[in-house]
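The values are calculated or read from the model by the stated rules, or taken from the named source; none is laboratory data. Note that the structure is predicted; figures quoted are calculated from it, not measured. Cβ placement follows ideal geometry from the backbone for every residue including glycine, while neighbour counts extend to all protein chains displayed.
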Amino acid sequence: MDITSLQNPRVKHIVKLRENKKTRKEDGSMLVEGYDEIQLALAAGHKPQTLLTAPEIASQQMDIPSAETLTVSRHVFEKMSYRDNPDGWLAVFSIPHTSLDDLKLSDVPLVIVAESVEKPGNLGAILRTADAARVDALLVCDPRVDVWNPNVVRASRGAVFSVPIVECDNASALEWLKARKMRVIAATPSADVVYSDVDMNQPIAIAVGTEAEGLSSFWMSNADMQMKIPMMGNVNSLNVSVSTALIVYEAVRQRS
């Protein structure tokens, strides 16, 4: 057993990576917990710097020759873990850095623009949808949550590695989209057009905002059109990740 003490400096640093955005930024590193999530990162071409496992918990085997591998006791792993029922696998990865110019688009691209999403669970769920629907990219504009927060990674089930993500400001995102002749469609409850009536068989970017505030005036005024999801009950909007999934899969339905 390589590490059995909770006071070990490596353990303390990993806890800092879990809890502190500043530490992640300074290190350029992030945590990924879970066998399946680590495997998805590997499949996307990413290699961990360090792989930590608790043999008392882990039921599956993993061997990554290029990574430093450390075994830790159960109580040490539970100290580092951010899950309720950890499976005994945790890895430190370098944070991927993707710019707008790095993005490679399909012939008829579909992009999600998520403005100021503030909850890790919502951003993670949007990433799962983006992965499942093979969206070309997710542009996270003026973010309020750190994309590399472990809770985003957990909610995305590792899709942070399979979906191209760019953090940028609104103006840069719009300029990039317009340069590629992509139609920007803003999702808002105040629109007149229902999302299923919108032609999504062309290059489009679907812009979504926060549940409390919706999209800012920037996207509302610069979008090519606005669309809504019909609300027939007492609430006036859906969870942003649910709304995104409905609209994205409408695009998938039309295109297939």
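Summary of computed values
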item	result
Hits in the range 148-160 - residues which are surrounded by fewer than 23 Cβ atoms within 10 Å (Cβ to Cβ) and touching a strand residue (DSSP E or B) at 6+ places or on another chain (Cβ under 9 Å)	W148, N149, P150, R154
Hits in the range 242-256 - residues which are in contact with a Leu (Cβ under 8 Å, 6 or more places away or on another chain) and closer than 19 Å to N122 by Cβ	L246, V248
Unmet requirement for V15, which otherwise passes all of (1) assigned to a helix (DSSP H, G or I); (2) touching a strand residue (DSSP E or B) at 6+ places or on another chain (Cβ under 9 Å)	(2)
Test result for V32, assigned to a strand (DSSP E or B), of a type in the set (A, V, I, L, M), outside the structural domain of V147 (by TED's automatic domain parsing) and within 14 Å of P150 (Cβ to Cβ)	yes
Looking only at the range 76-107, and only at residues there that are in contact (Cβ under 8 Å) with a residue 24 or more places away in the chain and of a type in the set (S, T, N, Q), the one that is surrounded by the most Cβ atoms within 10 Å (Cβ to Cβ)	S81
Qualifying residue in the range 95-109 (condition: in contact with a strand residue (DSSP E or B) (Cβ under 7 Å, 6 or more places away or on another chain) and charged (D, E, K, R))	no
Those residues of the range 183-216 which are more than 13 Å from I112 (Cα to Cα) and either modelled with pLDDT under 95 or not in a loop (DSSP other than H, G, I, E, B) (or both), in sequence order	P189, S190, V194, Y195, S196, D197, T210, E211, A212, E213, G214
Verdict on L17 being closer than 22 Å to G121 by Cβ, in contact (Cβ under 8 Å) with a residue 12 or more places away in the chain, in contact with a Ser or Thr (Cβ under 6 Å, 6 or more places away or on another chain) and buried (at least 17 other Cβ atoms within 10 Å of the Cβ)	yes
Condition met for L42 (under 28 Å from P164 (Cβ atoms), without any contact (Cβ under 8 Å) to a residue 24 or more places away in the chain and surrounded by 14 or more Cβ atoms within 10 Å (Cβ to Cβ))	yes
Qualifying residues in the range 225-256 (those that are aliphatic (A, V, I, L, M) and loosely packed, with under 13 Cβ neighbours inside 10 Å) - the one farthest from the chain's Cα centre (by Cα)	M232
Top-ranked residue in the range 116-129 [being in a helix (DSSP H, G or I) and of a type outside the set (S, T, N, Q); ranked as farthest from S243 (Cα to Cα)]	P120
Any hit, the range 163-176, residues being at pLDDT below 95, under 20 Å from the mean Cα position of the chain (by Cα), closer than 30 Å to F93 by Cβ and part of a strand (DSSP E or B)	no
Strands (runs of 3 or more DSSP E) wholly inside the range 44-115 containing at least 3 residues that are in contact with a helix residue (DSSP H, G or I) (Cβ under 7 Å, 6 or more places away or on another chain)	89-94, 110-115
Failed item in (1) outside any loop (DSSP other than H, G, I, E, B); (2) modelled with pLDDT of 95 or more, with A41 passing the rest	(2)
